[in-house]
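Have a look at the structure below, then the notes.
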Amino acid sequence: IIGGGDTGADCLGTSHRQKAAHITQFELLPKPPDERSPFTPWPLWPMQLRSESSHEEGGTRDWSISTIRFTGDDDGNVKQLHAVRVGPPPKFEPQPGTELTMDVDLVLLAMGFLGPVRNGMIEQLGVNLDARGNVATDENYISSVPGVFAAGDTRRGQSLVVWAIAEGRKAARAMDLHLMGETKLA
């Protein structure tokens, strides 16, 4: 699992339920302190190591790791993960001599969300963005460009997958109504 946040913990728990033989979870950031950091006094969000129930079930956690690439077989299946230990933020410079290769059967990407990618489709369409850099929409999920809809993380920002599912359903209903003039979608 690449990513050490809430989504990574969810992936870890699901991997346990699916009976994975071994699970490793990588985080790009350094390991947080076990106790609350004096740099984040109350009422700030505490900088400290968090362990969820899925972590208590097992698996290996490792910090300051950056994945470089994957290699696979002739059928397109991932077989190895290539990574390197990195220095502290914000540069995360690769540390010489720390390269590692791990045999893998599956890689789950649970990396942080920095907002929708703007260069490309969003920029080409010229849709308006909200104050947080997400695609701005009206109550019907329509962007500033007629006929262009947005939902999920692209519209609301980083959130839970259940919100993406719910928004996808609502956006599909709005699109059906827009295209057909009526809808039977709930």
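Odds and ends about this structure:
- Helix-only mean residue ellipticity at 222 nm for the chain, each DSSP H run of n ≥ 4 adding -39500 (n - 2.57), per residue, nearest 500: -6500 deg cm²/dmol
- Cα-based helix-to-principal-axis angle, 6-17 vs the chain, degrees rounded to 10: 70 degrees
- Low-density loop cleavage sites - trypsin sites (Lys or Arg not before Pro) in region 89-183, where at most 15 other Cβ are within 10 Å (DSSP): LYS91, ARG132
- Sites excluded, GluC sites (Glu not before Pro) in DSSP loops with at most 10 other C-beta within 10 Å, longest stretch of the chain: 36-138
- Largest GNM mean-square fluctuation across ALA151, ALA110, ALA21, computed for the chain with C-alpha springs under 10 Å, falls on ALA21.
- Here region 6-103 carries DSSP beta bridges of which approximately 75% are antiparallel, counting only pairs with both residues inside.
- Each of LEU185, ALA136, THR154 was scored by the projection of its Cα onto the charge dipole of the chain, and the greatest displacement toward the positive side belongs to ALA136; charges sit on the C-beta of Lys, Arg, Asp and Glu.
- Taking 30 Å as the straight-line reach from the Cα of LYS170, the lysines in range (excluding those fewer than 8 positions away in the same chain) are LYS184.
- Per residue, the average separation of C-alpha pairs within less than 8 Å and at least 6 apart gives the chain a relative contact order of 16 percent.
Read the figures in this text as sums done on the coordinates, not as results from a lab. The model shown is predicted, which means the values in this text are computed figures rather than measured ones. FYI the Cβ positions are ideal-geometry reconstructions off the backbone, even for glycines, and counts take in every protein chain you see.
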